[in-house]
Amino acid sequence: MTAAAGAKPFPWVGLLALTFAIFVSVTTEFLPTGLLPDMARDFHVSISQVGLLVTIFALTVVVATTPLAILTRNYSRKLLVIVVLLVIAFGAVLAAIAPTYEILVGARIIGGLAHGLFWAVVGAYSGHLVPKHQLGKAVAITAGGGTAAFVLGVPLGTAVGHAFGWRVAFVIMAGLILVLCLFVVKYLPAVNHRVPLATGEIPLPLRKDRSVTPVVLFCVAIVVLIIAQNIFYTYIAPYLIDVAHFDANSVPAMLLIFGGAGAVGLVLAGFVADRYPRAGIVVSFAIVALAVAALAFLHTSAIAVVVASIVWGIAFGGGPAMFQTRILHAASPRFRDTAVALQTTAFNIAIGGGALIGGTLIDHVGIEVLPWVEVAVVIVGVLYIIVSDGALRRRATRMRLA
């Protein structure tokens, strides 16, 4: 049976357009991570203050995502993708020309507003392009944009920033976003994201949707695990330089290694996400805890740090894709866009909270403690998933028997 006679062909080009959009958005969000020392010197502020740029960006997303998603729920998804990309580009340009730290903060707030709506729209877009049984594959493809941001975007941006100045890196990102907008205009299919009611069906408030509970419970897990990751990863550049005694010029290469390992993890997630949605996440983050502990314990050995970073990157790399796949599976069609907005909010609470906790620990305890704190919080997150999944299974059993 041909694709024309049966199912629609798999939307490779449209998914690649989303992948490229995610690539530039995530690269812009995390670009300061590799440039913390350069930006701190330029504005005569501390490393932790520049680290707060990640927190400010993320907290803006937290505050704005769900309200913006609700306000724009009736607008074209494709049009919103284009508009938010243009706003992200404007924020990058404003950051590049910022004469003061305060204006730089304002630029990051603008970027955060756009980024929040971007994820609320793009996170659910693949769910509108493919049937449910292909969600794992589709999400793994689009999540490749985030992985590519860590493999190529952030390391190359860091290298450009070190060679020509961090401001040039932001300008280049803005230019790439503008080029990408043309690609999105031409190749991203428009979608109908509204779910019609069945004949005689009475519309219920979203809060009464049966999928709200599993989505919210899993968003809590996302908060815990991503906080753990960002407590340490936000400050990985100064940790490598000051604790592991790597040369500053080798930091882009280390970020590239971590990102490349993450790409491997993403490929593995494409096979695991639909088959083992619960066990895959638990096992991958248990390995994250072991790898980060090994990195901290053996930080005096450059080889050990590199090997541990590779294992860490592989284990964490598939995490976001598995999170998103599970959210899309758990949410009903009518709750899907809101569920993705909640997921985006959870991610950015965690990104901002992790950066804030990490900066506070640096100021009051020292940067050496960060990996150990990540390990402890990851363990808490893994245990939470095991317990909450058990509760959800018992709930599902009761609902079937009722």
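The values are calculated or read from the model by the stated rules, or taken from the named source; none is laboratory data. Since this is a predicted model, take the numbers as computed values, not measurements. Here Cβ is always computed from backbone atoms with ideal geometry, including for glycine, and neighbour counts include all displayed protein chains.
Listing for the model above:
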| item | result |
| --- | --- |
| Number of the condition not met by Val84 [criteria: (1) within 22 Å of Leu35 (Cα to Cα); (2) at pLDDT 90 or above; (3) part of a helix (DSSP H, G or I)] | (1) |
| Selection count, region 100-137, where residues are farther than 30 Å from Val45 by Cβ, crowded, with 24+ Cβ neighbours inside 10 Å and more than 16 Å from the chain's Cα centre (by Cα) | 2 |
| Options Gly123, Gly165, Gly161: the member that is touching a residue at least 12 places away in the same chain (Cβ under 8 Å), among the small types (Gly, Ala, Ser) and closer than 30 Å to Phe271 by Cα | Gly123 |
| Only listed residue being in a helix (DSSP H, G or I) and modelled with pLDDT under 85, chosen from Ala286, Ala269 | Ala269 |
| Residue count, region 272-283 (criterion: part of a helix (DSSP H, G or I) and either over 21 Å from the mean Cα position of the chain (by Cα) or surrounded by fewer than 19 Cβ atoms within 10 Å (Cβ to Cβ) (or both)) | 3 |
| Filter pass, Ala40 being surrounded by fewer than 22 Cβ atoms within 10 Å (Cβ to Cβ) and touching a helix residue (DSSP H, G or I) at 6+ places or on another chain (Cβ under 8 Å) | yes |
| Options Val378, Val387, Val369: the member that is under 16 Å from Gly51 (Cβ atoms), assigned to a helix (DSSP H, G or I) and among the β-branched types (Val, Ile, Thr) | Val369 |
| Number of the condition not met by Gly51 [criteria: (1) in contact with a Pro (Cβ under 9 Å, 6 or more places away or on another chain); (2) under 21 Å from Cys181 (Cβ atoms); (3) crowded, with 21+ Cβ neighbours inside 10 Å] | (2) |
| Pair list, Cβ < 8 Å and 6+ apart or interchain, from region 43-58 residues that are in the same structural domain as Leu113 (by the TED database) to residues that are not in a helix (DSSP H, G or I) | Phe43/Thr100; Ile47/Tyr235; Gly51/Thr234; Gly51/Tyr235; Val54/Thr234 |
| Matching entry among Ile257, Ile226 (being touching a residue at least 40 places away in the same chain (Cβ under 8 Å), crowded, with 21+ Cβ neighbours inside 10 Å and assigned to a helix (DSSP H, G or I)) | Ile226 |
